[in-house]
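Note sheet for the following structure.
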Amino acid sequence: MPDQRHTIRLNRPQTLANRALQRDSTVATPWGRGVGKSWFQRFIWYTWIARWENVWRPGALRPMRGCRVVHLMPTFKACKDVHAALAEEDLGKAGEWGWLGAKIDHQRWRISFPGGGWIQWFGTKEANSARGIRCDLVTMDECDDIDPGVLDSVVRPWFSEPWSLKGLLLGGTPRRGRYGLLYREHRKGLEGKAGRFSVPATFDDAPETCDLAYIQRVREDTPLAIFRREYLCDFDSAEGLVYNIFEESFHVRVHDPRTIWSEILVGVDHGYEDPGALVVIGVAGGGREATCHIIEEFYEQHKTESWWIERAKEIRARYPRAKWYADPSRPDRIRGLKEGAHVEFVQAKNAIEDGIAAVADRLVQRVDPNDRTGRRRFSRLYVHPRCAHTIAEFRTYRRKRDPRDPERVLDAPEDRNNHAMDALRYPIFTRFGSPEPLPLIGNESLGML
């Protein structure tokens, strides 16, 4: 390959991320609009390709040259919409990276290079069908529209060869708040573990690529929560709501009356001065992939134990095989319901943050893999419109604010507006468990060669 020297200017966040993304490293880039994420991901493809073109890989079992790059987005169509025209311009004969000599397969969107490297685009559906590939670099965009399980069970095995370069770059908008893949990787980067980095940034950090006067006009015309999410990449953009991914227009719906429930779960939160709550959940399907519908609620203050026993009897009459889950801190109240209403309780798990994560994981709006447009979404938890108190608590259950810095949102939730939320958390967390845990990878090596 002829000697090619480029002068390419990066803004500060791009410079920091470029330095961090080396061999055996994972870099999260929670960037607001205007920082230049899509351009930067293409820049990373090309620089890794250029650095390894015609370089023989030491330690490989068979001779191999070049760098193998995969770009992953929620759908293959999204990859093409965002990158196709610009990649063709970049890599064309007159393009800035034309000297790499790329050949583009427009059907599969596989880009091959004469020095042995290649770039392949996948949506999550295609990625699931490509579990056998091996590569060196993966860039992921719109991470919060990608199920964390795809990273854990599909992407990470792509790096299983000892000679793989194991570079991972993640970016996107925090659509799932603190319960998405982007926040998970961002948090790991902030913990300072070897090979893990996060480079958060907003338009203020990138004046070279942002028209600040224009963004100020956008701020004035955009709802605050949306501006904070899209432009500030704020994981708590919905004013510290615990379930900031709950959207009433999406999650509140009447289930199909023909639905046959595979299970009925009932959550119980005890109360007197504070409201007590019974939440009835219909489960359609099986395993972790099942869809849950909150179909009934009882939510009252200043009601005696006998009143709650009568409500439990009503639920038992409709759903005699229901499984009941209650706040384990009051075994006397559980015993009263069990003996008075003759219902069977399952020992409930009561880890608050883990339980919240389990509920949030089911609220996530996932891209329907059968929708070629990539627009249709589904959730694994819905609420019937008649469950007004549950809906209200989804809109008002918040995290505490730091008393020394009211702008800072803490991890711990407030102990209010959480009675239906607790009643929901016990069965969801106990029955379905936490989202899949993240396996740790990486080492201290920052050298590419």
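The values are calculated or read from the model by the stated rules, or taken from the named source; none is laboratory data. These figures come from a predicted structure and were not determined experimentally. In this analysis, Cβ positions are derived from the backbone assuming ideal geometry, glycine residues included, and neighbour counts consider all displayed protein chains.
Selection over the stretch 98-120 of residues that are closer than 14 Å to Trp52 by Cα, assigned to a strand (DSSP E or B) and touching a residue at least 12 places away in the same chain (Cβ under 8 Å) gives a count of 2. When Arg321 is tested against (1) modelled with pLDDT of 95 or more; (2) surrounded by 14 or more Cβ atoms within 10 Å (Cβ to Cβ); (3) more than 30 Å from Ile226 (Cβ to Cβ), exactly one condition is not met: (2). The number of residues in the stretch 80-97 that are in a helix (DSSP H, G or I) and either surrounded by fewer than 14 Cβ atoms within 10 Å (Cβ to Cβ) or of a type in the set (Val, Ile, Thr) (or both) comes to 5. Evaluate the stretch 192-199: report whether one residue or more is touching a Pro at 6+ places or on another chain (Cβ under 6 Å) and either in the same structural domain as Phe43 (by TED's automatic domain parsing) or not in a helix (DSSP H, G or I) (or both). Checked the stretch 192-199: at least one residue is touching a Pro at 6+ places or on another chain (Cβ under 6 Å) and either in the same structural domain as Phe43 (by TED's automatic domain parsing) or not in a helix (DSSP H, G or I) (or both). Please tell me if Gly287 is crowded, with 22+ Cβ neighbours inside 10 Å and in the same structural domain as Ala392 (by TED's automatic domain parsing). In short, no.
Is there a residue in the stretch 163-174 that is under 19 Å from Val27 (Cα atoms), modelled with pLDDT under 90 and surrounded by 15 or more Cβ atoms within 10 Å (Cβ to Cβ)? Yes.
The residues of the stretch 380-402 that are modelled with pLDDT under 95 and either more than 23 Å from Phe235 (Cα to Cα) or in a loop (DSSP other than H, G, I, E, B) (or both) amount to a single one, Tyr397. Pairs are defined by a Cβ separation below 7 Å, a sequence spacing of at least 6 or placement on different chains, a first member in the stretch 262-274 that is not assigned by TED's automatic domain parsing to the domain that holds Arg318, and a second member that is surrounded by fewer than 23 Cβ atoms within 10 Å (Cβ to Cβ) and part of a strand (DSSP E or B); no pair meets this definition. Report, ordered by the first and then the second residue, all pairs with beta carbons closer than 6 Å, sequence separation of six or more or different chains, a first member in the stretch 68-79 that is assigned to a strand (DSSP E or B), and a second member that is acidic (Asp, Glu). As it stands, the answer is Arg68/Asp136; Met73/Asp141; Met73/Glu142, since those pairs meet every condition given.
Let's see how each residue does on (1) at pLDDT below 95; (2) in contact with a Pro (Cβ under 7 Å, 6 or more places away or on another chain); (3) assigned to a loop (DSSP other than H, G, I, E, B):
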residue: Tyr325; (1), (2), (3): no, yes, no
residue: Ser329; (1), (2), (3): yes, no, yes
residue: Gly336; (1), (2), (3): no, no, no
residue: Lys349; (1), (2), (3): no, no, yes
residue: Asp354; (1), (2), (3): yes, no, no
residue: Ala357; (1), (2), (3): yes, yes, no
residue: Asp361; (1), (2), (3): yes, yes, no
residue: Arg372; (1), (2), (3): yes, no, yes
residue: Arg375; (1), (2), (3): yes, no, yes
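Which of the residues that make up the stretch 284-305 are over 28 Å from the mean Cα position of the chain (by Cα) and not in a helix (DSSP H, G or I)?
Of everything in the stretch 284-305, those that are over 28 Å from the mean Cα position of the chain (by Cα) and not in a helix (DSSP H, G or I) turn out to be Glu296, Glu297, Phe298, Tyr299, Glu300, Gln301, His302, Lys303, Thr304.
Residue pairs whose Cβ atoms lie under 6 Å apart, sitting 6 or more positions apart in sequence or on different chains, and linking a residue in the stretch 14-39 that is closer than 19 Å to Arg196 by Cα and modelled with pLDDT of 95 or more to a partner that is aromatic (Phe, Trp, Tyr) and in a helix (DSSP H, G or I), are Gln14/Phe40.
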